[in-house]
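Here is the structure we will look at.
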Amino acid sequence: MSTRKPSYTNPKPCKHLSAYKLKHGLSGYKSLQKCLKTTPNGRTSVQNPGTEIPRCSSCNGYQGRLYICLICSSISCSSHALLHTQSEIGHYLAVDIERAELYCCACSDQVYDPDFDKTVMSKHMVDLPYSTNSADSIGERLCERKRLGSGVELVDLKKAEKSALTRDQRAKSCYPLGLRGLTNLGNTCFMNSVLQALLHAPPLRNYFLSDRHNPKTCRKRTANRLCLPCELHGIFSAVYLGDRTPYSPAQFLYSWWQHSENLASYEQQDAHEFFISVLDGIHEKESKARNQTRDTGDCQCIAHRVFSGLLRSDVTCMTCGFTSTTYDPCLDISLNLDTSHCSWSDASNKPVKPNDNSSSSTLLGCLDLFTKPEKLGSDQKLYCQNCEELRDSSKQMSIRKLPLVLCLHIKRFEHSLVRKMMRKIDSYLHFPFSLDMTPYLSSSIVRNRFGNRIFAFEGDESDISTEFEIFAVVTHSGTLESGHYVTYLRIKNQWYKCDNAWINEVDEGIVRASQCYMMFYVHKMLYYKSHEDLSRLPISTRIEAFHRVAGCC
């Protein structure tokens, strides 16, 4: 990866897409337009009029991702899409039936074309129901995906834009400041989902919108090396300008590639790994400016000031009772799901319904499991300083210090040593919108261990706020091979679904029924304070409002 020649422009267009458009123009897009169907919640998909249930022409399967060829309308699953291009020369371009997104079977990757997006958007606006009640109509708030195209007129596009113009402007004014879609640059939903959560973390937002990191005076940016905080500052500025057209985070992607060269590709990555990598990149850049080392316990970089907490680990000798205590900083807390009731086939092949209590867990149960004492195995004997020899011991985790923004990562992917394979755990997780972390603090855990005796606890956390409110949920749907990340944002108790370029309102029931992968909680005071400062202001006054946003950073 180190030999990669840096390029700081938009990704080069797919050569197969260029060849297809040179030969067929927009005829395939226009033919597909009549098969597009938009649901009331804003999702556009392809409905083949010739069949009720689309099936792969090679294996007759109907599960997973299915793609319809733009030339012959043949349907292929993800396993046989490449086979179709090999048997039918030139049949490279297809459309994801479920998501109505352009896909190159030869590259095995999503591709972006403004002309195709115009086709989808024009159909989307034509299908939108008109309602005289603009305040209550969800349809009016779905016109969020207008992009700048090449100027090619498609079927009904101008007519649809004209009829929807008034509704579109009212819809935009109804959305809170900062809601803007992010363009999928090719399997980058993992990046877009995490960026949406970071963009709406109040302390992080306050930091970047108040120019605490100023790209104009940044010394870490050179001609051949981008600065990750500078690019993140650019995204914050663009998103909070009030523009509703989807934003392309290509420059940020290249900057992240430079920091994480081992992950530099257009392949799907893990959202949690990306989150940790971005925070490490911010820490690395800012700590160098302050001449701090990576192991500094009290780092003042914005990443640690917002997300850093402290975990306490107590290892107790089961022979003499001697306890050894260590402290470790953390940027998030990874929690195991209780899968003792799930078999491998249940958890990997069968979707779980929210009301299926036999295959569900609770977030509080996961936190209880995290802080529950566990006996270490016989092969994990530790040296006891009191006994002066290896002894059986038990270990208990607790939280010594809570961060401003608490990120909880749910371990949905695990490896079986017996089967020697990975699987995804589809178990449903109940989680609260308001979370009190008091039972999981070190002071509470230690006192419970000694029968709730009242004694002085070093560094008592009683004066620290332990009440949190959820503001973002990153979800993962699908399988390990063909999954998709989506973020749900909670703003003024209203939930919004951020699916790459698409933004639309959803009910909280949809959020609760999703397969949450990462959950972001913020101190309750900051959650409600941020809503007072980020009101739905006129565009002309929004820039001035950035500097009046209150917060801790």
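The values are calculated or read from the model by the stated rules, or taken from the named source; none is laboratory data. Values in this document were obtained by computation on a predicted structure and should not be read as measured data. We place every Cβ from the backbone using ideal geometry, glycine too, and count neighbours over all the protein chains shown. When the accessible area is computed, the model is the full protein with side chains, heavy atoms only, and any ligands, DNA or RNA have been set aside. Shrake-Rupley method; radii C 1.70, N 1.55, O 1.52, S 1.80 Å.
Going through segment 488-499 one residue at a time, which ones are open to solvent by 10 Å² or more (accessible area, probe 1.4 Å) and either among the polar types (S, T, N, Q) or within 20 Å of Lys529 (Cβ to Cβ) (or both)?
Arg490, Ile491, Lys492, Asn493, Gln494
Exactly one of (1) modelled with pLDDT under 90; (2) closer than 25 Å to Cys516 by Cα is unmet by Asp280. Its number?
For Asp280, the exception is condition (1).
Given the condition in contact with a Ser or Thr (Cβ under 8 Å, 6 or more places away or on another chain), crowded, with 19+ Cβ neighbours inside 10 Å and part of a loop (DSSP other than H, G, I, E, B), answer yes or no: does some residue in segment 516-523 qualify?
No - not one qualifying residue is present in segment 516-523.
Which of the residues belonging to segment 330-349 are modelled with pLDDT of 90 or more and surrounded by 18 or more Cβ atoms within 10 Å (Cβ to Cβ)?
Scanning segment 330-349 gives Leu331, Asp332, Ile333, Leu335.
Contact list please: Cβ distance under 6 Å, first residue in segment 350-372 and exposed (fewer than 15 other Cβ atoms within 10 Å of the Cβ), second residue in a loop (DSSP other than H, G, I, E, B) and modelled with pLDDT under 95, pairs at least six apart or on different chains.
Note: pairs meeting the criteria are Pro351/Asp426; Pro354/Ala513.
Do we have any residue at all in segment 531-548 that's open to solvent by less than 20 Å² (accessible area, probe 1.4 Å), among the charged types (D, E, K, R) and at pLDDT below 90?
Looking through segment 531-548, at least one residue is open to solvent by less than 20 Å² (accessible area, probe 1.4 Å), among the charged types (D, E, K, R) and at pLDDT below 90.
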